[in-house]
């Protein structure tokens, strides 16, 4: 298990209080996960940090995570929502020789979002005459 930082006693108390105040379904999941531990998404292999918990209309709980170049090799840092708790497991920090990092800054993502949509999902997007990504008909 890898902690990305060591929580203070105050942070531990605040976390415990926050967890106690959640609805039962969220509380149950939040007791298994915390914001100072690194997790691996089983389905993608990415290392992530917990960002938030959501309770769906049917009472299930999903987790939003931060996927960053601090622990992965990614095109851009992002938050991803909708992971089930069973898709996450504690993991170690990347090895010292692991390839990690972020290819594009947030500004570069904004500047190139249309091209990225077409490159990543050519089945859904095409560029129009002005270089703007539009959904395929």
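A straight chain from residue 64 to residue 2 at 0.36 nm per residue would run longer than the Cα-Cα distance by 20.4 nm.
Which FRET efficiency value, to the nearest 0.05, is calculated for residue 21 and residue 78 with the Förster distance at 25 angstrom and r the Cβ-Cβ distance? With a Förster radius of 25 Å, E is 0.30. Could you work out, for the chain, what percent of all Cα-Cα pairs fall into each 5 Å distance bin, beginning at 0 Å and stopping at the bin that holds the largest distance? So the P(r) values, bin by bin, are 2, 9, 15, 16, 16, 14, 12, 8, 5, 2, 1, 0. Helix 106-120 axis versus longest C-alpha principal axis of the chain: approximately 70°, rounded to the nearest ten. Shown for the range 1-67 is the translational diffusion coefficient from the Stokes-Einstein equation, using the Kirkwood radius over Cα pairs, a temperature of 37 °C and a viscosity of 0.692 mPa s: 256 µm²/s.
How large, in Å, is the range 82-137 by the Kirkwood hydrodynamic radius built from its alpha-carbon pairs?
When all Cα pairs of the range 82-137 are included, the Kirkwood radius is 14.6 Å.
How many angstrom separate the Cα center of the range 1-52 from the Cα center of the range 62-114? Cα centroid of the range 1-52 versus Cα centroid of the range 62-114: 17 Å apart.
Ranked by how many other Cβ atoms sit within 10 Å of their own Cβ, fewest first, the residues 41, 80 fall in the order 80, 41. Treating r as the C-beta distance of residue 98 and residue 126 and R0 as 25 Å, the FRET efficiency rounds to 0.10.
The angle between the Cα long axis of helix 9-20 and the main principal axis of the chain comes to about 80°, on a 0 to 90 degree scale.
None of the figures in this text is laboratory data; all of them are computed from the coordinates on show. All figures in this text were calculated on a predicted structure; none of them were measured in a lab. Cβ atoms come from the backbone with ideal geometry, glycine included; neighbour counts cover every protein chain shown.
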